[in-house]
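Encoded as structure tokens, here's the structure I'll be asking about.
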Amino acid sequence: MACSFISASLPLVLLLATLSSTCWSLQIPSARHGHRISPGHIRSSVMRHMSSNNDGDDPSTDSSTKVKFFELDDAFEDDGENVVGTKFFGGNTIKEELYIPEEEEMALELQKVKPKQTKEDNEYNRFQDANAFGDDLARRAGEALQLAINKILYDDSNDDSVAAWAENPSIVWETAFPKANNAGGNSPLMEMKASKDFYNKLDVAILSAKTIESTADTGVVEVRWDVGAVWPNPWESRVLLTGTSLLNVRDDKDNNIITLLKQVDKLDGNKPSDIVGSLTSQLSPRFWDVYHIGMSPSAERDPRLTTLSPSQLSTSRGNKGLLSSYTLSHLPPRLVTEPSLVDTNGRFGRTAQALPNHGFTTAIKTMGPNKEEFVPVSPIEVSISKVDGQDGSLIKWTVPVPPEFASKAVLPLPVIEEGEDDEEDNTSNDDALATSSANTPSKTSSPYSSRGPNTPAPEDPQSLKCNYSLRPPRLVATLSYAGNPQDEEVTELRRQLYQQVVENDGFKPKLDPETKRPVFFFWMNDAKACFTRAGGLGMAVYEWRADWAKTNEIGIELEC
């Protein structure tokens, strides 16, 4: 299964339909100036590029790229009531019809562009992050183990700067994972090698490590890991297991070797050895994946533990009432990418409804001879908060990083140059691709916005940032909702959620360290962020889902 065609000529939101009379959309980054993103390049609607045909202009006139978009009359017409793109039908068939080789080549060119910034500015070295690997033994052990894993799963080459990982012949291994009799007995690495042949895809990432105790040449290190796999069933279920391992190691610094003496694995949750229970809920086909079959692969879901232990509730001192309608969940630590910006356009700008362009680090080719494999993850989390002393709101997106991409030691960061005029914006090439008119959305507009033709164009966002971080464990309460992050109804639902969780059931809300206000968020379960191992975040998929399903969620973070 693969997604539809992709264009990297402009920051687009490409809109297609499913097999029914409903739609989904693709969002990809800008190819202009390689990875350089200026503040105005948050996103633009395909409607903007189609408007030239509606006005009688020739889209190929004065265009250096000579890109032909579409010739489907009114295909992207949005009357404010119907879903954009509902005139597309046919699933995979329409994907083949709309495949444009020129635009696929533009995506390939984007991947080849080298940024102007130094390595320190555009790379994140996971094992140098003190929040994840806080001491020397933890860093050395975590990095050595990850490299040993990568050699088996991805055929990565050796790195002489990283300690070699070895297993003691008499190693003790206690684990919930099944052991194959012919795979090497108590060797975790040999078991992993044997498992690789069973799954359609297997990924393992060491997210963090901390030293529990140490002596001159030995120590006990706790490592946190994510294990992702594509199950060998017809619908290729994508499963994710999270947990920790307690490692007894011998550190031979003279020979730069770390030897594993004992390993004890535990899954997250109340039943740390229940591997069957952890997998069962993830193997059955999901309704909306079946509904949108053939359009995008099954997403890797951020794990939520809904059966909570007393220790996970000890700080909040709350007790969920029998009539309470919210869902209480514990989220384990995850590696996430967090693009953010300050937006002054308010609710009707709809900025929060799609990932900002400066959060992307690559482009993904989804069709043609250079088609790439990618991993979709969900949900995309959005939080909106006030900025003290400034106009506007701080919008932050939080996207979990899949273990396939997180397994790399160094992750790319987007290159952001803020406060500079983009000279190419003023050239005739841009005008040829997207002729401006009074009825055309601006380059920062959302395709979902209901802004009228006489409404002033939105202001460019400010303070564009993007970083990776290890998200700490979280206790959250959520309510189901069918809409979008900046709907007017969200305010009332937040109030209802706070009343149920805090005022009625006695839970203690987590406060923002700067604003001292409760931390609310929005889960876009109808969105998928897509990663490749080589380049990172390169595409977002937004699916149509019926209002009655209420698949999105409004949440509040609690003390845990």
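Take the Cβ-Cβ distance between residue 546 and residue 172 as r, set R0 to 45 Å, and report the resulting FRET efficiency rounded to the nearest 0.05. Mind showing how you got there, number by number?
Working: r = 52 Å, r/R0 = 1.16.
So, using R0 = 45 Å, E works out to roughly 0.30.
Using only alpha carbons, build the gyration tensor for region 321-376 and give me the equivalent ellipsoid semi-axes, biggest first, whole Å. Could you put the intermediate results ahead of the total?
Values: eigenvalues 201, 99, 34 Å².
For region 321-376, the semi-axes come out at 32, 22, 13 Å.
Follow-up. Residues of region 519-553 with amide nitrogen under 13 Å from the 7 Å Cα-to-Cβ point of residue 489?
Zone members listed by number: 546-553.
Test of the criteria: in region 516-560, which trypsin sites (Lys or Arg not before Pro) are in a DSSP loop and have at most 13 other Cβ atoms within 10 angstrom of their Cβ?
Sparse-neighbourhood loop trypsin sites (Lys or Arg not before Pro): 516.
I need the shape label for region 123-173. Rule: rounded when a/c is under 1.5, else prolate if a/b > b/c, else oblate, with a, b, c from the alpha carbon gyration tensor.
Numbers: a/c = 2.17, a/b = 1.28, b/c = 1.69.
Oblate, because a/c is 1.5 or more while a/b does not exceed b/c.
Hey, how many Å between the Cα centroid of region 319-369 and the Cα centroid of region 212-280?
With region 319-369 and region 212-280 each reduced to a Cα centre, they are spaced 28 Å.
Given the convex hull over the Cα atoms of region 213-288, what projected area results after averaging over all orientations, in nm²? All intermediate terms of the calculation are to be shown ahead of the outcome.
Working: hull surface 28.7 nm².
Quarter of the Cα hull surface area: 7.2 nm².
Moving on. For residue 279, put the label point 7 Å out on the Cα→Cβ axis and report which residues of region 232-265 keep their amide N under 17 Å from it.
232-243, 265
Follow-up. Could you calculate the FRET efficiency of residue 462 with residue 304 from 1/(1 + (r/R0)^6), where r is the beta carbon distance between them and R0 is 45 Å, rounded to 0.05?
Values: r = 34 Å, r/R0 = 0.75.
The value I calculate is 0.85.
Could you look at region 145-199 and say what percent of its accessible area is carbon and sulfur, using a 1.4 Å probe and all protein chains?
Numbers: 1510 of 3100 Å².
In region 145-199, the share of accessible area belonging to carbon and sulfur is 49 percent.
Right, something else. Which distance in nm do the two modelled labels at residue 327 and residue 496 give, with both placed 7 Å along the Cα-to-Cβ direction?
1.6
Highest mean first, how do 337-345, 290-298 rank when packing is the count of other Cβ atoms within 10 Å averaged over residues?
Details: 337-345: 21.4, 290-298: 19.1.
So the order, starting with the most tightly packed, is 337-345, 290-298.
7 Å from Cα along Cα→Cβ at both residue 271 and residue 512: what's the point-to-point distance in nm?
4.0
Can I get the semi-axes of region 209-363's equivalent ellipsoid? Compute them from the C-alpha gyration tensor as square roots of 5 times the eigenvalues, in angstrom, largest first.
On the way: eigenvalues 240, 109, 97 Å².
After scaling each eigenvalue by five and taking roots: 35, 23, 22 Å.
Distances longer than 20 Å among the Cα atoms of region 153-232: what percent of all pairs is that? Don't skip to the answer; put the middle values down first.
Values: 1443 of 3160 pairs.
It works out to 46 percent of all Cα pairs.
Show me the ranking of peptides 203-211, 240-248, 128-136 by mean Cβ neighbours inside 10 Å, starting with the highest.
Details: 203-211: 22.8, 240-248: 20.4, 128-136: 15.0.
Result, highest mean Cβ count within 10 Å first: 203-211, 240-248, 128-136.
Also: Label residue 156 and residue 199 with points 7 Å out from Cα along Cα→Cβ: what is the distance between them in nm?
1.6
Taking 35 Å as R0, compute the FRET efficiency from the Cβ-Cβ separation of residue 250 and residue 373 and round it to 0.05. Numbers along the way, then the final one.
Details: r = 38 Å, r/R0 = 1.09.
Working from the Cβ atoms, E equals 0.35.
The values are calculated or read from the model by the stated rules, or taken from the named source; none is laboratory data. Note that this is a predicted model, so its numbers are computed, not measured. Heads up, the Cβs are rebuilt from the backbone with ideal geometry, glycines too, and the neighbour counts pull from every protein chain shown. In case anyone asks, the SASA skips ligands and DNA or RNA and just uses the protein heavy atoms, side chains included. Shrake-Rupley method; radii C 1.70, N 1.55, O 1.52, S 1.80 Å.
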